[in-house]
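Single-structure report; data block below.
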Amino acid sequence: MIHHIRLIGLLLSACSVLLACQTHSKRPPSDIRAATDKEMAQVKPEWIEKKCNVGLIEELFVACVTVAARQMPVLDVNRREQFGEHYDPAEWLECMKQSAESGKRGDGGCDMFKTRRVENPEYWPNPSMPPVQWPAAPKDPVYRSWMTSRHYFEALCKAEAGEFIYKTVSDVEGVYLVRPMNRVNTGDVFDKYAPPAPYVRARGLGRRTDSLEFDFVGQGKYTFFEKPLAFHLSQIEINRSNNRDSSYLENSKISSLSVARYSGFIGLAIPNGTSADVAKKMKAEYAPQVKARYGLTWREIRRHADFEKSVVGSEVAIVDLNSGEILALTRGFSMAEQVSNAPSGMRNWLHACPLISPQRHSLYFFAEAVLKPATH
């Protein structure tokens, strides 16, 4: 009986420690005093949006980061992949306070404690379209308990990776990107959980400019390429610094418009011109509805012990936007390796399958094999 009581006590103590990890920092507390309620009441939302790095005096900076830490969600163990490997609001707060002591505010050294996965919603243009029927996971998983990350990666590549074309279509004028991928912050790229679908990113989504239109539109390619207008507008500041045509920078306020359509690019060098001159040949216009019949979307797929082994799979599908039918699917896996001489948990997603040559990594080459451009 006494043994059982002691065991229960140990379990309760362990639970208390686990819960405390969400509210108490593991590092020694800084010498800066805690913010008062009066100081926290002065914190403005725009300060938090700018990571509190807005020239505040020490007391208000501490108040700002304290409010920001309290607004961060508690780590959800049932949705572990939505939070960075080192996510910890209390640890982030202490780190930020110590950065103020050392005069290193805003240097990014504390960011890993607040890293979370960025959401990447789908924008389906046809509400009446039946749900897409993605393929189910194999009934017999390839995972075995003795496998290393490399063994598991190679087994998944052999068993599941590849391009699967079920139907082709001719004379296609354009393609719609149903699910753009938001850019992942530089430091977050090396996290175990934060970068979504690394294989899809290796195929051209989620880069700094995410300019698939320059891959899909051109001589011998499609006449136009479309993206959700909401995503286009979110990229305006990025495009502003990339010498784009002025049509990229129009900030539409008309609620009835939902699509950004790109056309006009021919992909040929201009005599005595520059790459910026070529880029300006691509025009962007806003439209109320999608013109393309077919779209590209993607999803991350889960396999047993995948994050544990740092092996993540994902699929890209070409979909009929009227029927929801998948015309083709490419499935790939990525494996991360520990970055040498870097903080624990810092990984680089260097390995991917199926192997794609650098000249054909873009999703355009997958799309054109299924949706034959009208100019062919």
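The values are calculated or read from the model by the stated rules, or taken from the named source; none is laboratory data. Quantities reported herein were computed from a predicted structural model and do not represent experimental measurements. Every residue, glycine among them, receives a Cβ derived from its backbone with ideal geometry; neighbour counts consider all protein chains shown. Heads up: the accessible areas ignore ligands, DNA and RNA and are worked out on the full protein's heavy atoms, side chains in. Shrake-Rupley method; radii C 1.70, N 1.55, O 1.52, S 1.80 Å.
A compact table of results
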{"quantity": "Sequence of Ile356, Ile326, Ile165 from largest to smallest accessible area, 1.4 Å probe", "calculated": "Ile165, Ile356, Ile326"}
{"quantity": "3J(HN,Hα) from dihedral phi, region 213-229, Karplus parametrisation 6.51/-1.76/1.60, rounded to Hz, x for glycine, proline", "calculated": "4, 6, 7, 8, 9, x, 5, x, 10, 7, 6, 8, 9, 10, 9, x, 4"}
{"quantity": "Karplus-derived HN-Hα couplings along region 298-307 (A = 6.51, B = -1.76, C = 1.60, θ = phi - 60°), whole Hz, x at Gly and Pro", "calculated": "8, 8, 8, 10, 9, 10, 4, 6, 5, 5"}
{"quantity": "In sequence order, calculated HN-Hα J values of region 171-176 (Karplus, 6.51, -1.76, 1.60; Hz; x Gly/Pro)", "calculated": "6, 8, 8, x, 9, 10"}
{"quantity": "Among the listed pairs Lys192/Lys227; Lys50/Lys97; Lys227/Lys283; Lys50/Lys192; Lys26/Lys104; Lys50/Lys227, those beyond 22 Å (Cα-Cα)", "calculated": "Lys192/Lys227; Lys50/Lys192; Lys50/Lys227"}
{"quantity": "Protection proxy ranking, peptides 41-47, 317-323, 174-180, 136-142, average beta carbon neighbours within 10 Å, highest first", "calculated": "174-180, 317-323, 41-47, 136-142"}
